[in-house]
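What follows is a set of notes on a single structure, which appears directly below.
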Amino acid sequence: MDRYRRRSAIDRLAKAACVAAVLLALVPLASLLAYVAAKGVSGLSLSFFTGLPKPVGEPDGGMVNAVTGTLVLVGLACLFGVPPGVMAGIYLAEFGDNRFGKAVRFSADVLSGVPSIVVGIFVYTLLVLWMRGFSALAGGVALGIIMLPTVTRTTEELVRMVPDSLREAALALGVPRWKAIVRVVLRTAAPGILTGLMLAVARVAGETAPLLFTAFNNRFWSIDLSQPMASMPVQIFTYAVSPYEEWHRQAWAAALVLVAMVLALNAGARLLLHRRAPR
Amino acid sequence: MMFLGGPRREDPAQGREAAPRSAPAQAVEKLRAEGLKAWFGATLALKGISLGMKERRVTAIIGPSGCGKSTFLRCLNRMHEVAAGARAEGRVLLDGVDIYGRGVDPVQVRRRVGMVFQKPNPFPTMSIRDNVLAGAKLNGVRLREEDALFEKALRRAALWEEVKDVLARSGASLSGGQQQRLCSARALALDPEVLLMDEPCSALDPIATARVEELIHELAERLTIVIVTHNMQQAARVSHYTAFLYLGELVEYDETDVLFTKPQNPRTEEYITGRFG
């Protein structure tokens, strides 16, 4: 009986320690969210979403260009990053049990470890210098490269999770292999892959460093892909290092919007994953 | 169909009374393996098997685990080579034409020789209806009279009455036995000439097993069936002919009645009387 009491005391102690650790880990996240929300709310207004950046002192300044720019850049990133990433993932899962597959897997892992600013410099030397100017296109390429390894490895993992019995079922019906992969394997893995894509987009939406060399920034309204384009992270950076109170407020508001976007993407991804579990 | 719902017979000699009537001898060979060898990597799993399977008859393949019976079955519609490192050698004649011959497309072979697997494997993302039509739909075949086709397939698989009101539900929502009959319907919708069944009842309870065995019996009126089973009573109940495989070799083949009552080879006798395996 005594031993039992001792055991349950240790159990309670360990549980308390774990709860404390969780709370401790949540402190930075919660305080960050609270701080950004508190600071950002005052800067939010209709003009934030409709107006263009204005010189200090003029009323109704906003960053409609940066909000749009971030959406365009993320869209471009998906365009460049998703198709090759998904296809590479399929290759690795279905045909990649060889030396070439190993090499691709290894390079993807290395690429996902490369600091994003290095990707920025790479695209700068490759595209920006060649095109003689910053452009949204270059920004999209940089973000796409950052997405690529994540998309590849998630797709691979999820395609691998599709049971072989489904592949066999399709093949035994006289379906050619490529069709079995596209219509059965991919279809079965689709919700999971979509979740992975949303997480990759969430990660890339807040990237600042690679955009500094590529999409740069733009004070004006522009959706011309060959021209510099504003984005929320870069705009936050620009405003935050300025000495003006009004710009600081707008930077906080932009930070809030960006965090909300990323959170919404994450929550959406999780919801999708959740809904797929019960049938 | 007295052999269906009755209690499991433990003695294969007794089961014989329940077996289908002895098959007429004039049945033609639909499928014939000649010197069939199969490898997994460097391991020889089938050591040269020659065996004919008669048209509109049920041929059972029995033998202890690892004897190569599933491998043999999978060689009959070129599914063996799908696994990594697997290959086969020898000839398999379908209506006299070697399916391993040069220029033969395995995809076409599989449309004529359908397969039902050990574990039911309906497509979880598809409705019951789409599962049945999957063979045609995945192959991009435009279907006229779609409704008639899948109703016919489901009826042949003895599943229609149970699912006709829930055709839009997921194929994974059915019970195990229903899933197995759904997989049969899916194979039957392609109107195959041969149906290969790889231990189709091993994951099913006795009632579901009886339904599938009934199904096998009915299907044999129209097509050639090869069934792998580790259940000797089942082999005795459903098949006209039985082949006993051991360690990758064909030990004995005969009419089911004969093999279970007067086995020629001592190994066969030991196996069917339960002394090993």
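For region B:42-72, name all the residues that are surrounded by 20 or more Cβ atoms within 10 Å (Cβ to Cβ) and out of contact with any Asp or Glu (no Cβ under 9 Å at 6 or more places or on another chain).
Of everything in region B:42-72, those that are surrounded by 20 or more Cβ atoms within 10 Å (Cβ to Cβ) and out of contact with any Asp or Glu (no Cβ under 9 Å at 6 or more places or on another chain) turn out to be B:Ala45, B:Arg57, B:Val58, B:Thr59, B:Ala60, B:Ile61, B:Ile62, B:Gly63, B:Thr71, B:Phe72.
Pick from B:Leu250, B:Leu204: which is surrounded by fewer than 23 Cβ atoms within 10 Å (Cβ to Cβ) and assigned to a loop (DSSP other than H, G, I, E, B)? It would help to see each step written out before you state the result.
Numbers: B:Leu250 fails: assigned to a loop (DSSP other than H, G, I, E, B).
Going through B:Leu250, B:Leu204 in turn, the sole match is B:Leu204.
Taking into account only those residues within region B:107-132 that are outside any loop (DSSP other than H, G, I, E, B) and under 13 Å from B:Leu182 (Cα atoms), which is nearest to the other protein chains (Cβ to nearest Cβ)? First the steps, then the outcome.
So the first thing to find is which residues in region B:107-132 are outside any loop (DSSP other than H, G, I, E, B), and the list is B:107-116, B:127-132.
The next check asks that each one be under 13 Å from B:Leu182 (Cα atoms); those that pass are B:115-116, B:127-132.
Numbers: B:Met115: 4, B:Val116: 9, B:Ser127: 12, B:Ile128: 13, B:Arg129: 15, B:Asp130: 11, B:Asn131: 9, B:Val132: 11 Å.
So, considering only residues that are outside any loop (DSSP other than H, G, I, E, B) and under 13 Å from B:Leu182 (Cα atoms), the one nearest to the other protein chains (Cβ to nearest Cβ) is B:Met115.
When you check B:Asp165 against the structure, is it free of Cβ contacts under 8 Å to residues at least 24 places away in the same chain, within 29 Å of B:Thr71 (Cα to Cα) and not in a helix (DSSP H, G or I), yes or no? Working first, answer last.
Details: free of Cβ contacts under 8 Å to residues at least 24 places away in the same chain: yes; within 29 Å of B:Thr71 (Cα to Cα): no; not in a helix (DSSP H, G or I): yes.
It is false that B:Asp165 is free of Cβ contacts under 8 Å to residues at least 24 places away in the same chain, within 29 Å of B:Thr71 (Cα to Cα) and not in a helix (DSSP H, G or I).
Output the residue which, of all residues in region A:180-191 that are surrounded by fewer than 20 Cβ atoms within 10 Å (Cβ to Cβ) and either among the basic types (Lys, Arg) or modelled with pLDDT under 90 (or both), is nearest to A:Ala269 (Cα to Cα).
A:Pro191
All but one of (1) assigned to a helix (DSSP H, G or I); (2) in contact with a strand residue (DSSP E or B) (Cβ under 9 Å, 6 or more places away or on another chain) hold for B:Gly177; which doesn't?
Condition not satisfied by B:Gly177: (2).
So A:Ser107 ticks every box in (1) of a type in the set (S, T, N, Q); (2) buried (at least 20 other Cβ atoms within 10 Å of the Cβ); (3) over 26 Å from A:Met261 (Cα atoms) but one. Which box is left unticked?
So the condition that A:Ser107 fails would be (2).
Looking at A:Pro243, A:Pro233, can you tell me which residue is modelled with pLDDT of 90 or more and surrounded by 18 or more Cβ atoms within 10 Å (Cβ to Cβ)? Break it down into steps so the answer makes sense when it comes.
Values: A:Pro243 fails: surrounded by 18 or more Cβ atoms within 10 Å (Cβ to Cβ).
Going through A:Pro243, A:Pro233 in turn, just one is modelled with pLDDT of 90 or more and surrounded by 18 or more Cβ atoms within 10 Å (Cβ to Cβ): A:Pro233.
Where in region B:23-106 are the strands (runs of 3 or more DSSP E), entirely inside, with at least 1 residues that are among the charged types (D, E, K, R)? Even if it seems obvious, please write down each step before you answer.
Values: elements: B:29-40, B:43-54, B:58-62, B:86-94.
Per the criteria, B:29-40, B:43-54, B:86-94.
Can you go through B:Ala158, B:Ala185 and tell me which one is among the hydrophobic types (A, V, I, L, M, F, W, C), touching a residue at least 12 places away in the same chain (Cβ under 8 Å) and surrounded by fewer than 20 Cβ atoms within 10 Å (Cβ to Cβ)?
Values: B:Ala185 fails: surrounded by fewer than 20 Cβ atoms within 10 Å (Cβ to Cβ).
Every option except B:Ala158 fails the conditions.
Which condition does A:Leu171 not pass, out of (1) closer than 30 Å to B:Arg74 by Cα; (2) surrounded by fewer than 21 Cβ atoms within 10 Å (Cβ to Cβ); (3) within 10 Å of chain B (Cβ to nearest Cβ), if it passes all the others?
(2)
Somewhere in region A:154-162, is a residue away from every other protein chain (no Cβ under 14 Å), closer than 30 Å to A:Val67 by Cα and not in a helix (DSSP H, G or I)?
no
Just checking, how many residues over region A:174-187 are assigned to a helix (DSSP H, G or I) and facing another protein chain (nearest Cβ under 7 Å)?
Step one: list which residues in region A:174-187 are assigned to a helix (DSSP H, G or I), which gives A:177-187.
The next check asks that each one be facing another protein chain (nearest Cβ under 7 Å); those that pass are A:179, A:183-184, A:187.
Residues meeting the conditions: 4.
Just to check your reading of the model, which residue among B:Ala148, B:Ala236, B:Ala187 is of a type in the set (A, V, I, L, M, F, W, C), more than 30 Å from B:Glu270 (Cβ to Cβ), touching a helix residue (DSSP H, G or I) at 6+ places or on another chain (Cβ under 8 Å) and outside any loop (DSSP other than H, G, I, E, B)? If you could, list the steps in order and put the result at the bottom.
Working: B:Ala148 fails: touching a helix residue (DSSP H, G or I) at 6+ places or on another chain (Cβ under 8 Å); B:Ala236 fails: more than 30 Å from B:Glu270 (Cβ to Cβ).
Testing whether each residue is of a type in the set (A, V, I, L, M, F, W, C), more than 30 Å from B:Glu270 (Cβ to Cβ), touching a helix residue (DSSP H, G or I) at 6+ places or on another chain (Cβ under 8 Å) and outside any loop (DSSP other than H, G, I, E, B) leaves just B:Ala187.
Hey, among B:Ala88, B:Ala83, which residue is within 14 Å of chain A (Cβ to nearest Cβ), over 24 Å from B:Leu259 (Cβ atoms) and not β-branched (Val, Ile, Thr)? First the steps, then the outcome.
Numbers: B:Ala88 fails: within 14 Å of chain A (Cβ to nearest Cβ).
The conditions single out B:Ala83.
For region A:212-228, does any single residue satisfy the condition of being of a type outside the set (Asp, Glu), part of a helix (DSSP H, G or I), more than 14 Å from chain B (Cβ to nearest Cβ) and under 22 Å from the mean Cα position of the chain (by Cα)? Outline the logic, then answer.
As a first pass, look at region A:212-228 and keep what is of a type outside the set (Asp, Glu): A:212-223, A:225-228.
Those left that are additionally part of a helix (DSSP H, G or I): A:212.
Keeping just the survivors that are more than 14 Å from chain B (Cβ to nearest Cβ) gives A:212.
Going one step further and asking which of them are under 22 Å from the mean Cα position of the chain (by Cα), we end up with A:212.
Looking through region A:212-228, at least one residue is of a type outside the set (Asp, Glu), part of a helix (DSSP H, G or I), more than 14 Å from chain B (Cβ to nearest Cβ) and under 22 Å from the mean Cα position of the chain (by Cα).
Has region A:113-128 got at least one residue that is over 25 Å from A:Ala230 (Cβ atoms), more than 14 Å from chain B (Cβ to nearest Cβ) and either free of Cβ contacts under 8 Å to residues at least 60 places away in the same chain or not small (Gly, Ala, Ser) (or both)? First the steps, then the outcome.
So the first thing to find is which residues in region A:113-128 are over 25 Å from A:Ala230 (Cβ atoms), and the list is A:113-114.
Subsequent filtering for residues that are more than 14 Å from chain B (Cβ to nearest Cβ) retains A:113-114.
Pick out the ones that are also either free of Cβ contacts under 8 Å to residues at least 60 places away in the same chain or not small (Gly, Ala, Ser) (or both) and you get A:113-114.
Yes, because at least one residue in region A:113-128 is over 25 Å from A:Ala230 (Cβ atoms), more than 14 Å from chain B (Cβ to nearest Cβ) and either free of Cβ contacts under 8 Å to residues at least 60 places away in the same chain or not small (Gly, Ala, Ser) (or both).
Taking region B:133-162 as the search range and keeping residues that are within 11 Å of chain A (Cβ to nearest Cβ) and at negative phi, which one is nearest to the chain's Cα centre (by Cα)? Explain how you work it out, then say what you get.
Restricting attention to region B:133-162, the residues satisfying the condition of being within 11 Å of chain A (Cβ to nearest Cβ) are B:133-141.
With the extra rule that they be at negative phi, the set shrinks to B:133-139, B:141.
Details: B:Leu133: 20, B:Ala134: 20, B:Gly135: 18, B:Ala136: 21, B:Lys137: 23, B:Leu138: 23, B:Asn139: 23, B:Val141: 25 Å.
Ranking the candidates gives B:Gly135 first.
Go through region A:193-211 and give me each residue that's surrounded by fewer than 20 Cβ atoms within 10 Å (Cβ to Cβ) and either touching a Pro at 6+ places or on another chain (Cβ under 9 Å) or within 14 Å of chain B (Cβ to nearest Cβ) (or both).
Correct list: A:Leu194, A:Gly206, A:Thr208, A:Ala209.
Can you pull out every residue in region B:221-233 that is polar (S, T, N, Q) and in a helix (DSSP H, G or I)?
Of the residues in region B:221-233, the ones polar (S, T, N, Q) are B:224, B:229, B:231, B:233.
B:Gln233 - this is the single residue of region B:221-233 that is polar (S, T, N, Q) and in a helix (DSSP H, G or I).
The values are calculated or read from the model by the stated rules, or taken from the named source; none is laboratory data. Keep in mind that what you see is a predicted model, and the values were worked out from it rather than measured. Here Cβ is always computed from backbone atoms with ideal geometry, including for glycine, and neighbour counts include all displayed protein chains.
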